[in-house]
Amino acid sequence: MSKNVFILPGDGIGPEIVTEAKKVLDVVNARFDLGLQFDEGLLGGSAIDVHGVPLSDGDLGKARSADAILMGSVGGPKWDQLDRAIRPEKGLLKLRSELDLFSNLRPAILYPQLADASSLKPEVVSGLDILIVRELTGGIYFGEPRGIRTLENGEREGYNTYKYNESEIERIGRNAFATAQKRSKKLCSVDKANVLEATVLWREVMDRLAPEYPDVELSHMYVDNAAMQLVRAPKQFDVLVTGNMFGDILSDCAAMLTGSIGMLPSASMDKNGRGMYEPCHGSAPDIAGQGIANPLATILSAAMMLRYSLDMNAAAEAIELAVSKVLDQGLRTADIYTAGTEKVSTAQMGDAVVEALSA
Ligand code: IPM
Ligand code: MG
């Protein structure tokens with residue numbers, strides 16, 4: 001049975017890195033006889049340029065009916081001055097929200113080959129394997145009311161609303177507990193319950209769920225402390241679960257432990273495991289078009305897509321193994337380059353993964 005993969009390259013380095021991931025998918029598609037069929041659409045600034053909006057109804061429809069979505073990255077200075085309602089990021093947020101992709105998995109794994117590329121000491125990060133479960137369709141990203149208004153005294157005020165209802169917390173909590181059960185059975189819930197009521201409720205719901213997962217050891221941590229602990233002693237963590245904004249921030253922080261955010265894939269899934277896959281990094285407009293971006297986060301996102309949404313484990317493993325092989329060979333894009341390794345371009349990195357797959 002064929003499966004439809006909808007590809008949204010996006011902006012900045014997005015098209016460059018997605019091209020490499022597509023090369024890799026083409027190879028496993030043939031080799032494992034996966035029956036993948038691809039279609040491509042526009043998201044973010046590239047969609048604004050063509051349709052005037054960051055996600056057209058046509059592309060939203062295609063995303064809805066696809067079996068899985070692979071996304072590059074969105075945004076860039078070219079569209080920064082636009083009205084807030086049609087900024088590139090709105091397209092991505094709309095996709096997440098319309099498709100109910102509430103569960104965002106962001107693994108931070110340190111490849112042993114890259115221990116020297118991390119800005120932290122090798123002994124602090126070696127063997128690192130943590131997973132951030134980020135709530136993706138609620139919290140302050142989507143809370144209403146929001147806006148910028150003019151007060152009676154003529155001064156302007158920006159405001160957002162941080163809110164979570166119990167069912168939103170419960171469904172991400174259950175996902176996190178179930179995920180922890182499959183790993184080392186430690187779950188740390190991150191909140192700011194010393195200040196924010198929305199996260200007092202968050203903590204209460206996590207505590208209420210805990211007895212249903214007696215094999216999982218639940219702990220709680222305030223987000224400021226979690227940020228500090230992530231750079232002080234990251235290996236104390238296994239699975240972290242947190243809200244939308246804290247997850248955004250902590251996942252960038254966790255990414256750097258692994259040497260480069262260019263290595264970090266992610267999965268965003270609905271309750272049935274259908275989802276969108278994208279690197280955690282942004283569109284990196286400063287290096288776009290130069291052919292030097294690291295395509296590995298996107299290639300690894302494609303592997304996650306095969307595993308989580310398409311049930312194609314063997315192909316996913318083959319891709320992950322191939323990535324590890326090219327790192328063994330000493331090939332590095334600029335972001336993970338260290339003395340004694342070989343610097344390669346985006347396309348050379350993609351080609352090397354393809355070659356490792358075929359070997
Ligand atoms: C991410 C990104 C997005 C987010 C932006 C591009 C809207 O930073 O996926 O982490 O804030 O969620
Ligand atoms: Mg982010």
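The values are calculated or read from the model by the stated rules, or taken from the named source; none is laboratory data. Keep in mind it's a predicted model, so treat the numbers as computed, not measured. Methodologically, a virtual Cβ is constructed for each residue, glycine included, from the backbone with ideal geometry; neighbour enumeration extends over all protein chains shown. Heavy atoms of the whole protein, side chains included, go into the accessibility calculation; ligands, DNA and RNA do not. Shrake-Rupley method; radii C 1.70, N 1.55, O 1.52, S 1.80 Å.
On a 1.4 Å probe surface of the protein chains, which of Ile249, Ile299 comes out largest in accessible area, and what is the full order? Display every interim value, and only then the final one.
On the way: Ile249 100, Ile299 0 Å².
So the residues, ranked largest to smallest area, are Ile249, Ile299.
How high is the relative contact order of the chain, in percent, counting Cα pairs under 8 Å that sit 6 or more residues apart? Please list the in-between numbers first.
Values: 773 pairs, mean separation 79.0, N = 359.
So the answer I get is 22 percent.
Hey, could you grab the Kirkwood Rh for the chain? Inverse mean 1/r over distinct alpha carbon pairs, Å, one decimal.
On the way: mean 1/r = 0.0477 Å⁻¹.
When all Cα pairs of the chain are included, the Kirkwood radius is 20.9 Å.
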- Item | Within a Gaussian network of the chain (alpha carbon springs, distance under 10 Å), most fluctuating of Leu209, Leu55, Leu93 | Leu209
- Number of Lys-Lys pairs in segment 129-257 under 19 Å by Cα, sequence gap 8 or more or different chains? 4
- Out of Gln229, Ala334, Gly350 - ranked by how far each Cα lies towards the positive end of the dipole of the chain, with unit charges on the beta-carbon of charged residues - the top one is Gln229
- Per the C-alpha gyration tensor (a ≥ b ≥ c, the square roots of its eigenvalues), segment 129-257 is rounded if a/c is under 1.5, else prolate if a/b beats b/c, else oblate; here it's prolate
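Compute the Cα gyration tensor for segment 192-264, then decide on rounded, prolate or oblate, letting a ≥ b ≥ c be the square roots of its eigenvalues: rounded whenever a/c is under 1.5, prolate when a/b is larger than b/c in the other cases, and oblate in all that remain.
Numbers: a/c = 2.17, a/b = 1.54, b/c = 1.41.
Prolate, because a/c is 1.5 or more and a/b exceeds b/c.
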- Message: Using Cα-Cα distances under 8 Å and only pairs 6 or more residues apart, what relative contact order does segment 129-257 have, in percent?
- Response: 36 percent
- Task: In whole Hz, with x marking every Gly and Pro, tabulate ³J(HN,Hα) for segment 228-242 from phi via Karplus 6.51 cos²θ - 1.76 cosθ + 1.60, θ = phi - 60°.
- Result: 5, 5, 4, 9, 7, 8, x, 6, 5, 9, 10, 9, 10, 10, 7
- What whole number of Å gives the distance from the Cα centroid of segment 293-359 to the Cα centroid of segment 143-222? 34 Å
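Once you have the Cα-Cα distance between Asp207 and Asp80, take 0.36 nm times their residue separation minus that, and quote the gain in nm to one decimal. Intermediate results must be reported in sequence, preceding the final value.
Working: separation 127, 0.36 × 127 = 45.72 nm, distance 4.14 nm.
So the extension gain works out to 41.6 nm.
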- Other-chain or far-sequence residues with amide H under 5 Å of Lys163's (modelled H): Gly139, Ile140, Gly143
- Query: Can you list residues whose amide H is under 5 Å from Ala293's amide H, if they're 5+ apart or on another chain and H is modeled 1.01 Å from N?
  - Reply: Thr346
- What residues have an amide H closer than 5 Å to that of His220, excluding those fewer than 5 places away on the same chain, when H is modeled at 1.01 Å from N in the peptide plane? Ser189
- Message: I'd like the Karplus ³J(HN,Hα) series for segment 30-45: coefficients 6.51, -1.76, 1.60, θ = phi - 60°, whole numbers in Hz, and an x wherever there's a Gly or Pro.
- Response: 6, 5, 9, 6, 7, x, 6, 10, 10, 9, 10, x, 10, 9, x, x
- Per-residue SASA entry for Ser2, accessible area with 1.4 Å probe, Å² rounded to 10: 60 Å²
- Message: What lysines does Lys23 reach when the alpha-carbon gap must be under 25 Å and sequence neighbours fewer than 8 apart in one chain are set aside?
- Response: Lys3, Lys62, Lys325, Lys343
- Note on the structure: Between Tyr159 and Glu40, Cβ-based FRET efficiency (R0 35 Å, step 0.05) works out to 0.40
- Task: Could you grab the relative contact order for segment 1-82? Cα pairs under 8 Å, six or more apart, rounded to a whole percent.
- Result: 49 percent
- Would you mind working out the magnitude of the charge dipole of segment 71-176 relative to its Cα centre, with +1 at each Lys and Arg C-beta and -1 at each Asp and Glu C-beta, to the nearest 20 Debye? 240 debye
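Just to make sure I understand: if all protein chains stay in place, what is the order of Met228, Met256 by accessible area at 1.4 Å, largest first?
On the way: Met228 105, Met256 85 Å².
Solvent-accessible surface, decreasing: Met228, Met256.
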- Apply the Karplus parameterisation 6.51 cos²θ - 1.76 cosθ + 1.60, with θ equal to phi minus 60°, to every residue of segment 306-320 and state each ³J(HN,Hα) to the nearest whole Hz, in sequence, with x for glycine and proline. 4, 6, 7, 9, 10, 6, 10, 4, 4, 5, 4, 5, 4, 5, 5
- Query: Going by a ≥ b ≥ c, the root eigenvalues of the Cα gyration tensor, does segment 2-78 fall in the rounded group (a/c under 1.5), the prolate group (a/b larger than b/c) or the oblate group?
  - Reply: oblate
